[in-house]
Amino acid sequence: MEVVVVGAGVGGLALAQGLVANGVRVRVYERDSGPRQRNQGYRIHIDDTGGRALAEVLPPDVRRRVVETACHPGDLLAGFDSHLAPLFEQTFPVTDPDAVGAVDRYAFRRALMTGLDDVVHFGHEFVDYADTGDGRVEVRFADGRTTTADVLVGADGVGSRVRARLLPDFEVADIGVRCVYGKLPLTDAVRAHVPAAFLRGFCFASDGSGRGAAFAPVLFREPPEEYGDYLMVVFTGTPQALGRSDEELFALDPRELWQVVVAGTEGWHPSIRAIVAAADADSAFPITLRSCTRIEPWRTGRVTLLGDAVHPMTPAAGAGANTALHDAALLTGALSGGGPLVDALAGYEREMIGHARQVVADSLRRAEQMFGTTAVEPAAPADRGPDAP
Ligand SMILES: Cc1cc2nc3c(=O)[nH]c(=O)nc-3n(C[C@H](O)[C@H](O)[C@H](O)COP(=O)(O)OP(=O)(O)OC[C@H]3O[C@@H](n4cnc5c(N)ncnc54)[C@H](O)[C@@H]3O)c2cc1C
């Protein structure tokens, strides 16, 4: 059996590792021209679900690489007002020195690519697929190249074109919140001025008028060549709270965009102002928060979906990547277990959808608590931002 995966993101790469380890032939096609393209680094919290899935699919050498390039685990989740008065605090004792509590997305993907040089093919933008008539699927790329496989897996993220072809009525809703993402490189001088809590885990400050800012440290065990430790800074609000329409916000260059954050945090605690002033404005990018509201089963065939492609969700529960990893472990089991292919895929889809429905509902609930928005409108189809979330 031959499997083609579209998308070398978190879920597609974990699936490829699992299939290779189980002796299943797999090729991954990614539209980026190489692993270094775009500014893709941001912090991803890995929870127990994601950790278990990684332990299931990764061979020991790849798992070791993931641990080595992960962050030192944090032990805090805390909320503040915009003057840093504490609102709530939860601590998590770190007991396992090899724990993968958080990763940088770029470093994580590089680690997941370990040993997959001949499996991952960059510069292949998927555009369409068709039934070959003899039980295989033909996969078509933007430059006219084609390939065939027994199974096609769409792991191509929130703007998935595989999903658009398979489930044309699938709706991805705009939850009404925009994020401006940025980073503060953590030099020794900067570190001394960052509130201690911000270096311990995920902290969220909000000014009570619909604007908020999240801070979370990326303290590498072993940093990538390209950059070192940083503090992730994510400013959030509705277009009204940010004082910019989408047309304005998404037309700004990174430095202009960061000025929206500088203006939005005026009057906040001096430590937050100092972080925002010192951040790397060139790394700023905007994101529209989107979520699916319904995931309905479809008639199982030779094309299936995984990760954000089938259950895009808000990042409020920190669960999108973890759910993609969970899918990868499930699908690895289904495709390497023997037995009739369509039954195996049907079993995967049933279990994946059941799990994803719960996580999406939880992420919508948490987004409501965190951002105070309930409005859900159909999202514009255009891709926006580096990962088009
Ligand atoms: C700022 C931020 C913070 C987040 N924090 C967390 C967190 O703490 N915990 C968590 O669990 N999740 C988090 N998430 C969500 C998480 O990043 C996603 O859920 C996860 O990356 C989804 O994995 P995926 O493999 O499904 O898709 P992706 O990782 O998005 O990968 C999709 C891949 O497909 C490729 N692709 C797209 N279209 C095509 C095409 N036509 N042809 C070929 N290739 C294509 C893309 O280039 C990409 O490489 C966060 C997201 C953001 C933006």
Residue identified as buried (at least 16 other Cβ atoms within 10 Å of the Cβ) and either of a type in the set (A, V, I, L, M, F, W, C) or within 11 Å of the ligand (Cβ to nearest atom) (or both) among 88, 108:
108
Those residues that are of a type in the set (A, V, I, L, M), more than 10 Å from the ligand (Cβ to nearest atom) and more than 17 Å from the chain's Cα centre (by Cα), I need them from the range 157-172; list them, please.
166, 167
Which numbered condition trips up residue 151, out of (1) assigned by TED's automatic domain parsing to the domain that holds residue 135; (2) within 15 Å of the ligand (Cβ to nearest atom)?
(2)
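Is it true that some residue in the range 344-361 is at pLDDT 90 or above, within 10 Å of the ligand (Cβ to nearest atom), of a type in the set (A, V, I, L, M) and part of a helix (DSSP H, G or I)?
Scanning the range 344-361, I find at least one residue that is at pLDDT 90 or above, within 10 Å of the ligand (Cβ to nearest atom), of a type in the set (A, V, I, L, M) and part of a helix (DSSP H, G or I), so the answer is yes.
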Within the range 15-63, the residues that are small (Gly, Ala, Ser) and either near the ligand (Cβ under 8 Å from one of its atoms) or surrounded by fewer than 24 Cβ atoms within 10 Å (Cβ to Cβ) (or both) are 21, 23, 33, 34, 41, 50, 51, 55
Could you check, for the range 56-73, whether at least one of its residues is charged (D, E, K, R), within 14 Å of residue 318 (Cβ to Cβ) and assigned by TED's automatic domain parsing to the domain that holds residue 333?
no
Scanning the range 285-323 for residues that are outside the structural domain of residue 50 (by TED's automatic domain parsing) and either near the ligand (Cβ under 7 Å from one of its atoms) or without any contact (Cβ under 8 Å) to a residue 24 or more places away in the chain (or both) gives 287
Filter the range 49-93 down to residues that are under 23 Å from residue 205 (Cβ atoms) and β-branched (Val, Ile, Thr), then give me how many there are.
1
Cβ-Cβ distance below 7 Å, separation of 6 or more or different chains: which pairs start in the range 84-97 with a residue that is modelled with pLDDT of 95 or more and end on one that is not in a strand (DSSP E or B)?
84/195; 84/269; 84/271
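The values are calculated or read from the model by the stated rules, or taken from the named source; none is laboratory data. Owing to the predicted nature of the structure, the values given are computational and were not obtained by experimental measurement. Cβ: placed from backbone, ideal geometry, glycine included. Neighbour counts: every protein chain shown.
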